[in-house]
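The values are calculated or read from the model by the stated rules, or taken from the named source; none is laboratory data. Everything numeric in this text was worked out from a predicted model, so none of it was measured. Note that we place each Cβ from the backbone using ideal geometry, even for glycine, and neighbour counts take in every protein chain shown.
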Amino acid sequence: MDILITGLLLGGTYALIAVGLNLQYGVARIMNLANGEMLVAGGFVAFWLYTAGQTSPLLTVFLVAPVAFALNWLIYRFMLQPLVKRSKTRGQLETDSILATFGLSFVGVGLMLAAFGGDYFSYSFLAVPVEIFGDSYGANRVASFVAAVVICGALYLWLNQSRAGLAIRAVATAPASARLVGIDVRHLAAIAFALGGAVTAVGGALISTYLTLDASTGVVFTLKALIIVIMGGVGDVRGTILAALLLGIVETAVASLIDPGLTLAAAYILFLGVLLFRPQGLFGKAPT
């Protein structure tokens, strides 16, 4: 039971990170390899505001989200949209965006090293035990999980119930058909990319309350987000959330029962298993 609950608490925050990448890749068709750097940036802001002014990270997210949204919109508008316009095929766009965001990730690391240095950072927030089913867990992990559930739930409802959300889903499913019914695909792709970056940055602010980060750890979270997105199915928020929870449980089980150093290896083994036996993802439909 302890492993299950700890894994769910970790997986809940992973879900935010992966949902952000899924929006960017599933809707905007941008495989953003700088996704992890946006997470670390959100964590840095939460750390700085808490240590400088004792501002709760749970309040910091309301600052991080709009700033990250604006920054990611600018990145898409001025750096990535020209790639979209010149790409003749989806394959060319994916290749160009991978190369562009790979370089952007190095820029992000360099800027954070210049601003914050290369040291690891952590802080004590809600570092008190909370009892669940007879076992104790950090209140910071529980608070982050609850916040992640609220954000993912709100995002899921927005995508499935609102007019704008349904339009974004239409772009993710069939962009060519979406154009035929008057949907501004380029505008919604920019919105989806910016929203994905905002969700990821919020995930970074939450995860910084109980994990130690530094300027160069973003690549690890990018890889985990990519694994979760492929496992859950590109463009499928439900599958992404379930895959994130599953990954959190698997990592916790491996760390507790075998060796903490094997968690990333376990994630890749799980990823390969999904690719071999269910390549369309957990909720995806098999090609006909």
Can you pull out every residue in region 94-123 that is in contact with a Ser or Thr (Cβ under 9 Å, 6 or more places away or on another chain) and in a loop (DSSP other than H, G, I, E, B)? G118, Y120, S122, Y123
Is it true that I183 is modelled with pLDDT under 90, under 14 Å from the mean Cα position of the chain (by Cα), aliphatic (A, V, I, L, M) and closer than 21 Å to Q24 by Cβ? no
Which residue out of L83, L166, L126, L113 is in contact (Cβ under 8 Å) with a residue 60 or more places away in the chain, of a type in the set (A, V, I, L, M, F, W, C) and on the phi < 0 side of the Ramachandran plot? L113
Among L262, L272, L242, which is the only one that is free of Cβ contacts under 8 Å to residues at least 40 places away in the same chain, farther than 26 Å from F121 by Cβ and surrounded by fewer than 22 Cβ atoms within 10 Å (Cβ to Cβ)? L272
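Conditions (1) at positive phi; (2) in contact (Cβ under 8 Å) with a residue 40 or more places away in the chain; (3) surrounded by fewer than 22 Cβ atoms within 10 Å (Cβ to Cβ), marked per residue:
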site	(1), (2), (3)
D2	no, yes, yes
V27	no, yes, no
S56	no, yes, yes
M79	no, no, yes
For region 205-221, give me each residue that is of a type in the set (V, I, T) and surrounded by fewer than 23 Cβ atoms within 10 Å (Cβ to Cβ). T212, T217, V219, V220
A100: touching a residue at least 24 places away in the same chain (Cβ under 8 Å) and either loosely packed, with under 12 Cβ neighbours inside 10 Å or not charged (D, E, K, R) (or both), yes or no? no
Being among the aromatic types (F, W, Y) and within 13 Å of Y14 (Cα to Cα) is the filter here; which residues of region 132-146 pass it? F145
Six or more apart or on different chains, Cβ under 8 Å: which pairs go from a residue in region 29-54 that's under 16 Å from L99 (Cβ atoms) to one that's of a type in the set (F, W, Y) and at pLDDT 90 or above? Could you list them? I30/Y76; I30/F193; N32/F193; L33/F102; A34/F102
Name the single residue, out of those in region 58-76 being free of Cβ contacts under 8 Å to residues at least 60 places away in the same chain and over 30 Å from D96 (Cβ atoms), that is surrounded by the fewest Cβ atoms within 10 Å (Cβ to Cβ). F62
